[in-house]
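Let me begin by presenting the structure, written as structure tokens, before commenting on it.
We did not get these values from a lab; they are worked out from the coordinates using the rules stated. Every value quoted in this text rests on a predicted model; they were computed, and no experiment measured them. Because the Cβ atoms are built from the backbone with ideal geometry, glycine has one as well, and the counts that use them run over all protein chains shown.
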Amino acid sequence: MLVAIFQNIINALQWGSFYALIALGYTLVYGVLTLINFAHGDIFMVGAYIAFFVATFFLTTVGVPGWVALALTIPLTMILTSMVGVALERVAYRPLRRKGANRLYVVITALMCGLILQNANLALLGASRKAFPSMITEHVYNVGGVIFTDLKIAVIVTTILSFFALQKIVTKTKVGMAMRAISYDKFAVPLMGVPIDNIIVVTFVLGSGMAGLAGILFAMSYPILDPYMGALIGWKAFIAAVVGGIGDIRGAFLGGFLLGAVEIMVVAFFPSTFRDLIAFTVLLVILAFRPTGLFGVAKTTKI
Amino acid sequence: MLLSVENLEVKYGNIQPLHGISFHVNEGEIVTLIGANGAGKTTSLHSICRLAPPEAPRVIAGDIKFRGESILKTSPSDVVKNLKMALVPEGRHIFGNLTVMENLELATYSREKGADLKQEYQRIFDLFPRLHERRQQRSESLSGGEQQMLAVGRALMTGCTFLLLDEPSMGLAPRLKYDLFRTLKRLNEEGMTILLIEQNASLALHLAHRGYVLDTGEIAAEGTSDELLGNPDVKKAYLGG
Ligand SMILES: Nc1ncnc2c1ncn2[C@@H]1O[C@H](COP(=O)(O)OP(=O)(O)OP(=O)(O)O)[C@@H](O)[C@H]1O
Ligand SMILES: [Mg+2]
């Protein structure tokens, strides 16, 4: 019994990590711009594909050992995925912001950007799934009957470290202050000598960079990639961010783990086809009691 | 001439609040803009600071020059960073979700790395001891007057040499209003150029060297403070007799 509980906790933390990493990106962009970046799940997908190409390049074209390939793939994927996020901001969101477009148009634009990323992938790479190359051999550990791999632990630890790094940036640096200031009063930010567009770019870099990180970790854990892999996980991460209190990074972090936990618990007691049904119902109930999310404060401040 | 506004015409959409106004500010001066509600005072300051629409208007004619060069293409953050002009906006606009200290720190964003700011923070806290007491507090919990002090302190922390103030005494108790004006005078004596908008025209003219009277988007009168204080039209319209 105890063994089963620990086993479930580890699995919950692993899935929670994926949700949390993606949810952080949603919440960061929303916190600064009150923009729901619905393309974010697909940026995660693009991140996984970028990781695929970068890893394959280092492993086969260059032929370096697996751990070297991994050490190079992680930062490169994060950088390249950030660039995709920044490109979306430049091409799609900034022009709308300049024109003071209505929220509805911005949301539709975000949804379309997601669809464009999916379908561009489909058009360029075809519908067949890609198998992610293995860079390191996973070790399986068995501690008193609880089975876990070093990869799972790495996923969880990486997510927790990323969260603390992000928290530090947002609360302690001037860029973080500027991000919070924009969310409160955009008008006065340039009066402080802060170029708003640069801060927004940093926001997208951080959010997309973490989606890229999630992409690699996910692809290493579940090494089959397809163009639609970001859709459902993206929605779930978005819901996790809302349940946590969108705009608050602690909320996104805990919301992600909460969703992971709920899902794993459901599977432990019900047939696995019930997973999403019950998980979403639980989240709905939480929102009914706390419509602003766990950490959300009604209407005042974000991030 | 530090700043000159030349035949400036601006529009918000179809509304044209400024119909070709001209005025200038010399280095080291205190200049005041007075005028009734809706005359275009705030609009003038927002235009000078190059804020973007929708809060600021579009320039359709005329020019704004800093040391003789047009700044119409300068971004609002570069106005602060390169031209060292800082605006204390109407309605304060402090960042309520940041602490008092964070508000001040954010204002140093574009300053050189490694500059020693200790003394400057100290100067702000000497001017406004209340801010020091409340420095770790979220600034939305400050009283209106304290927020106004923070808005002024924050502008000073940008390292400006030219301060633009839009009704900075709004909401201040008479005592604090007096202190603020004394502070402005002292800053000016230390070399700060000041462009001031103030509802209380008499107070403003007693502080300023020169002034302009703005009336529905046009300059109705201008001159030294003494001239304007003695001008019967100005007396009648803005000085209560
Ligand atoms: N953002 C805006 N959009 C549209 N019109 C505006 C905007 N801001 C100001 N106006 C209009 O421009 C005119 C000048 O306004 P402005 O705020 O410059 O006046 P003011 O002299 O500062 O007045 P007050 O003493 O009340 O602050 C007004 O008629 C106002 O309605
Ligand atoms: Mg005004």
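Key figures for this structure:
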quantity	calculated
Two-site label geometry, A:THR60 and A:THR281: point separation in nm, points 7 Å out along Cα→Cβ	4.6 nm
Distance between modelled label sites at B:ALA115 and B:GLN137, nm, 7 Å Cα→Cβ extension	2.8 nm
Cβ-placed point charges (K, R +1; D, E -1), dipole of the range A:207-303 about Cα centre in debye, nearest 20	320 debye
Two-site FRET efficiency, B:ARG175 against A:LYS99, from Cβ-Cβ distance with R₀ of 35 Å, rounded to 0.05	0.15
Coil-residue trypsin sites (Lys or Arg not before Pro) of the range B:1-107, DSSP, other Cβ within 10 Å capped at 15	B:ARG67, B:LYS73
Two-decimal Rg/Rh across chain B, once Rg and the Kirkwood Rh are taken from alpha-carbon atoms	0.96
Above-threshold pairs, the threshold being 31 Å between Cα atoms, out of A:LYS99/B:LYS81; B:LYS118/B:LYS177; A:LYS99/A:LYS174; B:LYS185/B:LYS235	none
Cβ-derived FRET efficiency at R0 41 Å, A:ILE160 paired with A:LEU115, nearest 0.05	0.80
Viscosity 1.306 mPa s, temperature 10 °C, Stokes-Einstein D of the range A:2-289 from Kirkwood C-alpha radius, µm²/s	81 µm²/s
Straight-distance crosslink candidates among aspartates and glutamates, where the alpha carbon sits under 20 Å from A:LYS168 and sequence neighbours closer than 8 are dropped	A:ASP248, B:GLU102, B:GLU105
Dipole moment magnitude, nearest 20 debye, the protein assembly as shown about Cα centre, only Lys, Arg, Asp, Glu C-beta charged	840 debye
Listed residue (A:MET192, A:LEU117, A:GLY16) projecting farthest to the positive dipole end of chain A, Cβ model	A:MET192
Chymotrypsin sites (Phe, Trp or Tyr not before Pro) lying in DSSP loop within the range B:115-193, provided at most 14 other Cβ fall within 10 Å	none
10 Å Cβ shell holding at most 15 others, DSSP loop, trypsin sites (Lys or Arg not before Pro): longest site-free stretch of chain A	A:130-298
Segment B:ASP63-B:MET101, extension gain: residue separation times 0.36 nm, minus the distance between their alpha carbons	10.0 nm
P(r) of the protein assembly as shown over all Cα-Cα pairs, binned every 20 Å from zero, in whole percent	20, 43, 26, 10, 1
Pairwise label distance in nanometres, A:ARG290 with A:ALA123, each label 7 Å out on the Cα-Cβ vector	4.4 nm
Spin-label proximity, A:PHE187 to the range B:151-172 - amide N less than 17 Å from point 7 Å beyond Cα toward beta carbon	B:151-152, B:155, B:164-171
Separation of alpha-carbon centers, the range B:14-63 and the range A:1-23, rounded to whole Å	59 Å
Gap separating the Cα centres of the range A:38-105 and the range B:162-241, nearest whole Å	54 Å
At R0 = 22 Å, FRET efficiency that the Cβ-Cβ distance of B:ASN26 and B:ASN82 yields, to 0.05	0.65
Cross-link reach list, aspartates and glutamates versus B:LYS11, counting only Cα pairs under 15 Å and skipping chain neighbours closer than eight places	B:GLU55, B:ASP63, B:GLU218
